[in-house]
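> Encoded as structure tokens, here's the structure I'll be asking about.
Derivation of every value follows stated rules applied to the coordinates shown; laboratory data play no part. If you're wondering where the values come from, they're calculated on a predicted model, not measured in any experiment. For neighbour counting, all protein chains shown are included, and Cβ atoms are generated from backbone atoms with ideal geometry for every residue, glycine included.
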């Protein structure tokens, strides 16, 4: 009993931080989202309305009736699409990488983990600017391909959805590699050998033994990539050339030039709700480790 | 004010701690890259007041911060329309700029602006225009028409070689000048015209970006750039063939101002700073650094030759009637504008 109450104290600092710096601001945000917007920005305290949530999918016609407005839904759809593609690309790149890493001797593994985390040492903004220098017309890639005679004229790689996905994939790759690696590292090689002994070919061994065992890592990685990609702000702004908004840019605009704080808060909440839903699905599906993963 | 016991206490404490504290510091909240660090050092040498600089990227960021009550700043630098909002919302301190000794230096055009009658709240800082710049070496015939049409209906050589500012207000205003409707229109049909023009232009636009515009032009990334004139001057320093255009349909003329927010902790220092900045030799340094004109007479004696000779900065007189002052639009007009912006980028 004493040991238990002693343990409870350990979590107190973290709980305080979460309450003070996460739950309180979130509550404030929730409240702002149901307030009326102020004339010059800000909000009118004490004046409540659900207008912000309505304007997500509807707009007021001239006669004050509600008509469907898909602008914001389209921006959400684009964010989801780009984030999904990013997640899939990260997964395709990470699976073999993590598998390779897990098969190395211990010392090499640590070196490889170190290599994977190196990009974190540089500021996100700087890394995105580096991609601009690489991708822009007359930049390194464009120039090399032209010198090699592989392309004529400008490739126009930069300022497109492709550039956004490339930048996001690059940014979030380590978040996918590390959890998959963590689950593969614990993998008991004897299980794979047993699969071969029982007549499985390489593909079957991979699909029916290795992948199920790596599944918790894969799902965790997918969430760690998909969720932050949804809220990405810097990459779409810089690499997308500001031509099409993602949710993050949309929210920023509401607090900036649009001066519509309630709508910005409501958008942030819609995003949060979706993210929580994704987490819920994960928890329900993987509440227990899949059979066989336990030692 | 009774609702803010903490603020009151802080103010009382500040009063009690007396002049020794007040002599030393000034918190300046300015646009990024908008004042030379050397000038702040000079101010410290002249007056013994140490300046701490914090920066923002838009009038709305400034407004949001002041509205949220996160004060602590002594001097801020809002554009003209934002000065009006600050005065109306009681966010600005009345400091009687017109009574300051150096106010006599302010040029006649700037002594009585519509946003601050008789200059009781604000002192002029720098001013400029928002037009566009093109590289004359890379356009057919070496010349573009002095019209927004050059950007909105570009010739083939310019397609995909145009950059617009990533600024809701500036892009919308450019569209409004081009199609010839008021930039603060509350008529959805007129806003639709602006949207149509912007959507028709979008395929030819390489990007919407407000940062590093002069680097982008100098690196030959684009041929034409929707640009502030100071940035255009900096473009020309690196790209001699750059030409700044004052479109004949009109272009926005804006000015930024020094204002003291309500409840500034070092009010006297703020007044000292504002008076000091209206001295020709001081404001000239700000112009030399940023490439924007100031409103102080006699400052040109201290300004770089290249700056005074650049038509992008020292506007030729024949363009004066093309300037349109920036203005704050009504909430209805702002809503239309944001809808157009969202539809442009959805």
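> On C-alpha positions alone, give me the angle between the axis of helix B:229-238 and the longest principal axis of chain B, in degrees, nearest 10.
70 degrees
> Also: Most fluctuating residue of A:233, A:72, A:100 in a GNM of chain A with Cα springs under 10 Å: which is it?
A:100
> Quick one: length gained pulling residue A:208 to residue A:15 fully straight, 0.36 nm per residue minus the C-alpha distance?
On the way: separation 193, 0.36 × 193 = 69.48 nm, distance 4.04 nm.
Full-extension gain reported as 65.4 nm.
> Taking chain B as a Gaussian network, Cα atoms linked when under 10 Å apart, which of B:45, B:149, B:201 shows the biggest mean-square fluctuation?
B:45
> Over the Cα atoms of the protein assembly as shown, Rg to Rh with Kirkwood Rh, two decimal places?
Numbers: Rg = 28.6 Å, Rh = 28.1 Å.
Answer for the protein assembly as shown: 1.02.
> Separation between the residue A:23 and residue B:262 pseudo-spin-labels, each 7 Å from Cα along Cα→Cβ, expressed in nm?
In this crude label model, residue A:23 to residue B:262 measures out at 3.4 nm.
> Right, another one. What spacing in nm lies between the two simple spin-label points modelled at residue B:104 and residue A:45, each 7 Å away from Cα in the Cβ direction?
4.7 nm
> On a C-alpha basis, how far is the centre of the range A:154-176 from the centre of the range B:124-180 in Å? Whole number, if you could?
Between the Cα centres of the range A:154-176 and the range B:124-180 lies a distance of 29 Å.
> Round to a whole angstrom and tell me the spacing of the C-alpha centers of the range B:283-314 and the range A:199-253.
If we compute the Cα centre of each part, the gap is 51 Å.
> For the range B:244-346, what class follows from the C-alpha gyration tensor (a ≥ b ≥ c being the square roots of its eigenvalues): rounded when a/c is under 1.5, otherwise prolate if a/b is larger than b/c, else oblate?
Details: a/c = 2.69, a/b = 1.23, b/c = 2.19.
Oblate shape, in that a/c is at least 1.5 and b/c is the bigger or equal ratio.
> If R₀ is 56 angstrom, what is the calculated FRET efficiency for the pair residue B:41 and residue A:146, using the beta carbon separation as r and rounding to 0.05? List each step's numbers first, then the result.
Working: r = 47 Å, r/R0 = 0.84.
Taking R0 as 56 Å, the efficiency between residue B:41 and residue A:146 is 0.75.
> Taking 8 Å as the Cα distance limit and 6 or more residues as the minimum spacing, I'd like the relative contact order of chain A as a percentage. Intermediate results must be reported in sequence, preceding the final value.
Numbers: 308 pairs, mean separation 72.7, N = 295.
With pairs under 8 Å counted, the relative contact order is 25 percent.
> Right, another one. Quick check: from the Cα gyration tensor, does the range A:24-139 come out rounded (a/c under 1.5), prolate or oblate?
Because a/c hits 1.5 or more and a/b exceeds b/c, the range A:24-139 counts as prolate.
> If you wrap chain B's Cα atoms in a convex hull and average its projection over all directions, what's the area in nm²? Please report the intermediate quantities before stating the final value.
Working: hull surface 72.8 nm².
So the mean shadow area of the Cα hull is 18.2 nm².
> Figure the gain on full extension for residue B:211 and residue B:143 (residue separation times 0.36 nm, minus the Cα-Cα span) and round it to one decimal in nm.
Working: separation 68, 0.36 × 68 = 24.48 nm, distance 2.56 nm.
The residue B:211-residue B:143 span can extend by a further 21.9 nm.
> Calculate the spin-label point distance for residue B:346 paired with residue A:92, positioning each point 7 Å from the Cα along the beta-carbon direction, and give it in nanometres.
3.1 nm
> Determine the relative contact order of the range A:79-249: mean sequence separation of Cα pairs under 8 Å and six or more apart, normalised by residue count, in whole percent. Don't skip to the answer; put the middle values down first.
Details: 189 pairs, mean separation 58.5, N = 171.
In percent, rounded to a whole number, it is 34.
> Additional query: Compute the acute angle (0 to 90°) between the alpha-carbon long axis of helix B:5-24 and the principal axis of greatest extent of the alpha-carbon atoms of chain B; round to the nearest 10°.
With both axes taken from Cα atoms, the answer is about 80 degrees.
> Another question, if that's okay. How much FRET efficiency would the formula 1/(1 + (r/R0)^6) give for residue B:196 and residue B:25, where r is the Cβ-Cβ distance and R0 is 56 Å, rounded to 0.05? Each step should come with its number before you reach the end.
Numbers: r = 52 Å, r/R0 = 0.93.
About 0.60, to the nearest 0.05.
> With N denoting the number of residues in the range A:79-249, provide Rg(C-alpha) divided by 2.2 N^0.38 Å, to two decimal places.
Working: Rg = 18.9 Å, N = 171, 2.2 N^0.38 = 15.5 Å.
Output field value: 1.22.
> Sticking with this structure for a sec: Counting C-alpha atoms alone, how compact is chain A: give Rg to one decimal and Dmax as a whole number, in angstrom.
23.8, 75
> How many angstrom separate the Cα center of the range A:20-62 from the Cα center of the range B:38-99?
What the calculation gives is 28 Å, centre to centre.
> State the extension gain, in nm to one decimal, for the chain segment bounded by residue A:7 and residue A:66, taking 0.36 nm per residue of separation less the distance between their alpha-carbons.
Residue separation times 0.36 nm, minus the Cα-Cα distance, leaves 15.8 nm.
> Continuing with this model, one more query. Can you give the calculated 222 nm mean residue ellipticity of chain A, where each DSSP H run of n ≥ 4 adds -39,500 (n - 2.57) and the sum is split over every residue, rounded to the nearest 500 deg cm²/dmol? Mind dumping the intermediate values first?
On the way: 15 runs with 192 residues, N = 295.
For chain A, the value works out to -20500 deg cm²/dmol.
> I would also like to ask the following. Based on DSSP H runs of at least 4 residues, each adding -39500 (n - 2.57), what is the mean residue ellipticity at 222 nm of chain B after dividing by all its residues, to the nearest 500 deg cm²/dmol? Please report the intermediate quantities before stating the final value.
Working: 13 runs with 137 residues, N = 346.
One gets -12000 deg cm²/dmol as the mean residue ellipticity at 222 nm.
> Under a GNM of chain A (C-alpha, springs under 10 Å), which listed residue has the highest mean-square fluctuation: A:221, A:242, A:143?
A:143
> Considering only DSSP beta bridges where both residues belong to the protein assembly as shown, give the percentage that are antiparallel (nearest 5). It would help to have the intermediate numbers written out before the result.
Working: 28 of 46 bridges.
Antiparallel bridges make up about 60 percent of those DSSP assigns within the protein assembly as shown.
> Something else: So what does the Cα-only Debye profile of the range B:55-203 read at q = 0.10, 0.14 Å⁻¹, as log10 I(q)/I(0), no solvent term?
Those come out to -0.53, -0.89, one per q.
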